[in-house]
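As structure tokens, the structure follows; a few thoughts come after it.
The values are calculated or read from the model by the stated rules, or taken from the named source; none is laboratory data. Note that the structure is a prediction, hence the values are computed from the model and not measured. Here the Cβ positions follow ideal geometry from the backbone for every residue, glycine too, while neighbour counts run over all protein chains shown. Quick note on the areas: whole protein, heavy atoms, side chains included, nothing else; ligands and nucleic acids left out. Shrake-Rupley method; radii C 1.70, N 1.55, O 1.52, S 1.80 Å.
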Amino acid sequence: MQNSILSEIFKGVNFSAAEEEIVFNKFKKILISKGDILLSAGQSVSYQYYVRSGCLRTFFLDEAGKEYTVQFAVNDWWISDYTAFFTGEKSMLYIECIQEAEIFQISRESMEKLYHEVPAIETFYRKKMERFFSSFQKRILSDLALPAKEKYLRFVKTYPQIEQSIKNYHLASYLGITTESLSRIRKELAHQ
């Protein structure tokens, strides 16, 4: 079991038996239920999470209480409030479980230790963060420039497995549109 979980989390990284033990012992398995809040705004952020199964989302609440979905995380994704995780500031985001999930948590302190004890981990994370920031920048540019229909089509193409796991208002919030606009776009596409 230990080997299969690590090969899921760290695809392409080959560990010695000793490294495997070191890495495995830094993670904690957590089962969370739909509706559970894993992180709230204003909390310290000590962990990032690998999603083995299920679906979570990060969201931001403005002063009027309106939700803005920032990220979804499904199988084989990582999630946290990374600004707070890396800077030590308090969280600005919430993390909510929207589909029962099995996750593995690791602390920043444990990650730092792993970088020194198992150097392949540092390379793995650097490459993962490079892809994450590239994807995040593309999303920002898309939000600034694309019409709602194009944003929706891009989301469905990029993340086909997520749409079935989330509620309409979560997706509309992520796209920056109303649920009515999302319904209109789907109807229009269904008639094409």
Inset, instruction - Identify, by number, the condition in (1) farther than 23 Å from residue 133 by Cα; (2) part of a helix (DSSP H, G or I); (3) in contact (Cβ under 8 Å) with a residue 60 or more places away in the chain that residue 4 doesn't meet. - result: (3)
Inset, instruction - Sort out which residues of the range 122-177 are open to solvent by 70 Å² or more (accessible area, probe 1.4 Å), within 15 Å of the chain's Cα centre (by Cα) and of a type in the set (Ser, Thr, Tyr), and write them in order of number. - result: 158
Inset, instruction - Find all pairs meeting these conditions: Cβ atoms under 7 angstrom apart; at least six residues apart or on different chains; first residue within the range 128-142 and within 15 Å of residue 69 (Cβ to Cβ); second residue assigned to a helix (DSSP H, G or I) and open to solvent by less than 100 Å² (accessible area, probe 1.4 Å). - result: 142/151
Inset, instruction - Give the residues of the range 49-73 that are of a type outside the set (Lys, Arg), surrounded by 20 or more Cβ atoms within 10 Å (Cβ to Cβ) and within 30 Å of residue 4 (Cβ to Cβ), sorted by residue number. - result: 49, 50, 51, 54, 55, 56, 58, 71, 72, 73
Legend entry - Any hit, the range 172-179, residues being aliphatic (A, V, I, L, M), part of a loop (DSSP other than H, G, I, E, B) and within 21 Å of residue 93 (Cα to Cα): yes
